[in-house]
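Right, one structure below, let's go through it.
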Amino acid sequence: MTTKLSKLQKMTFKSHWSDKAYLRWLTLFVTSGTLVCCALPILLVSLGFGAVVASLNYNIPGLVFLAEHKAWTLSLSALLLVFLAWLIWRPNQSCPADPELAALCKSSRRWNKRVFWVSVIIWSIGFFASVLLLPLRNGLGF
C-alpha cells in the first residue's frame, strides 16, 4: 500500500502545467467564442432572425466586442488550438506502468483528442462564416 501510495503521490506532485485538464476545456470555450461571435449571427440573419441577433447584441455586450475584433478572436483561438495540439501529440509521453493508472491515462488521451477535434470543427465553422463566406458569396455572384 505504501509503495502504491507513494507512487501516486509522486505522480501527483510531478504533474506538469501541460497535464492540466482546464487547458483543454479553455481551448474548447475560446473556440466556441468564434462560433458565437461570427458564425451564429450570420446564420440567424440569413434565416431572417435579425431581431434575435440585435437582442443578443443588446443583452450580451461582449458579443459586439468579439465581432468587432474577430481577427484577434480567431487568431487567439487558433494559437490555443496549436498549443493544444502540441500538448496532445508532443513526443516522449508515456503512461504509467500501473494498469489502473495506465487505463486512466489512455482514457484521458482519448477525451483530449475528442475535445481537440470538436474545437477544430467549431473554429473552422467560425472561420468560414466570418472570413471566407462573404468573398465566396460575392465571387459566385449571389
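Read-outs: derived from the displayed coordinates by stated rules, not from any lab. Just so we're clear, the structure is a prediction, and the values are computed from it rather than from any experiment. Reconstructed Cβ throughout: ideal geometry from the backbone, glycine too, with neighbour counts over all protein chains shown.
Condition test on residue 141, is it surrounded by fewer than 12 Cβ atoms within 10 Å (Cβ to Cβ) and either free of Cβ contacts under 8 Å to residues at least 24 places away in the same chain or out of contact with any Leu (no Cβ under 8 Å at 6 or more places or on another chain) (or both)? Here the answer is yes, as residue 141 does meet what is asked. Taking residues in region 109-136 that are assigned to a helix (DSSP H, G or I), and partners anywhere that are small (Gly, Ala, Ser) and surrounded by fewer than 16 Cβ atoms within 10 Å (Cβ to Cβ), the pairs with Cβ atoms closer than 7 Å and at least 6 places apart or on different chains are 116/85. Please go through region 88-103 and pick out each residue that is surrounded by 12 or more Cβ atoms within 10 Å (Cβ to Cβ) and in a helix (DSSP H, G or I). Passing the criteria: 88, 89, 101, 102, 103.
In summary, helices (runs of 4 or more DSSP H) completely within region 26-87 and bearing 2 or more residues that are surrounded by fewer than 16 Cβ atoms within 10 Å (Cβ to Cβ) and of a type in the set (Ser, Thr, Tyr) occur at 50-59.
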